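Data block below; observations after.
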Amino acid sequence: MQKGKFIVFEGIDGSGKSTQLKLLADALEKNGVSCVTTLEPTYGMVGEVLHEILSGKKTADPKVTAALFVADRLDHLTNVENGVCRMLDAGITVLCDRYYFSSYAYQSVEVPSDWVMDANRLAADTLRPDYTFFVDVSPETAMERITQNRRTTEIYETLERLTAVREGYIKAFEKLQNVEKIKIFDGNKSISEIAEEIQNFVFKKLF
Ligand code: ADP
Ligand code: TYD
């Protein structure tokens, strides 16, 4: 059986990546591609703790948070009930909202980026995405979308932080351009324009 494809969506908070992930899932299903959607941090045993840290309910040293993201990621890949690797082996395409580039971008604001990349090596060696899609918006636009559309905000959702995170993404993409398959989409366009660009790319390159 042919393995499923692993497609990751990345972007700063409010970039519109979750919206695009859902639209791509619908388009794939319509075209007869069996697929599931998933996200990080997960709602598994480690992910639950991360959600409490992100909402500010619990505090942790940034190195601890970075290590928890790695543990959550490995559980996401390998757990026996609904691990990503199993799905892919069963021929199902997996669309994932955030993966290790999120750690490279967000955790590297406070923890040295080489450490973050080293800590994620086990995940990277286990599963590299067939493609990572970066939905790129200006931090100002992202903040507007977050404050207009959400009641609660998370610890990373400030203009200053999102600016640093976006720079972190760009640096990581440059560093890993020969190792990873990355495609950047202009997230400042309309939802339907971006969706069309993503679908055109996916059906041309991946199916
Ligand atoms: P993320 O997953 O990157 O945090 P979401 O997909 O949840 O972002 O989108 C954040 C908000 O912005 C939502 O209310 C969504 O409807 C809106 N949004 C998403 N994409 C666009 C777009 N291209 N233009 C305008 N608003 C958008
Ligand atoms: P989430 O509620 O999923 O927000 P969004 O819809 O914007 O993706 O929260 C995820 C938060 O966790 C987001 O601020 C980014 C952060 N995060 C990291 O800092 N490192 C990571 O490795 C991952 C996966 C997420």
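Bear in mind these aren't lab numbers, they're just calculated from the coordinates by the rules spelled out. Every value quoted in this text rests on a predicted model; they were computed, and no experiment measured them. Positions of Cβ are backbone-derived with ideal geometry, glycine not excepted, and every protein chain shown enters the neighbour counts.
Things worth noting here:
- Derived scalar couplings between HN and Hα for the stretch 123-130 equal 5, 5, 6, 7, 8, 9, x, 5 Hz in order, rounded to whole Hz, by the Karplus curve 6.51 cos²θ - 1.76 cosθ + 1.60 (θ = phi - 60°), x for Gly and Pro.
- Taking a ≥ b ≥ c as the square roots of the eigenvalues of the Cα gyration tensor, the stretch 96-207 is oblate, since a/c reaches 1.5 or more and a/b is not larger than b/c.
- Most fluctuating residue given options Leu21, Leu122, Leu50, as computed from a GNM of the chain linking Cα atoms under 10 Å: Leu122
- For the chain, adding -39500 (n - 2.57) for each run of n ≥ 4 DSSP H residues and dividing by the number of residues yields -16000 deg cm²/dmol at 222 nm.
- Fewest neighbouring Cβ atoms within 10 Å first, the residues Ile7, Ile155 line up as Ile155, Ile7.
- In this structure, the amide hydrogen of Thr42, modeled 1.01 Å from its nitrogen in the peptide plane, lies closer than 5 angstrom to those of Gly47, counting only residues at least 5 positions away or on a different chain.
- For the stretch 13-156: rounded, prolate or oblate by the Cα gyration tensor [a/c cutoff 1.5]: oblate
- Under the Karplus curve 6.51 cos²θ - 1.76 cosθ + 1.60, θ = phi - 60°, whole-Hz ³J(HN,Hα) for the stretch 104-118, x wherever Gly or Pro sits: 4, 7, 7, 6, 5, 5, 10, 10, x, 5, 4, 4, 4, 5, 4
- The fewest-to-most ranking of Arg166, Arg128 by surrounding Cβ atoms within 10 Å reads Arg128, Arg166.
- Residues Ser102, Ser113, Ser190 arranged by fewest to most Cβ contacts within 10 Å: Ser190, Ser113, Ser102
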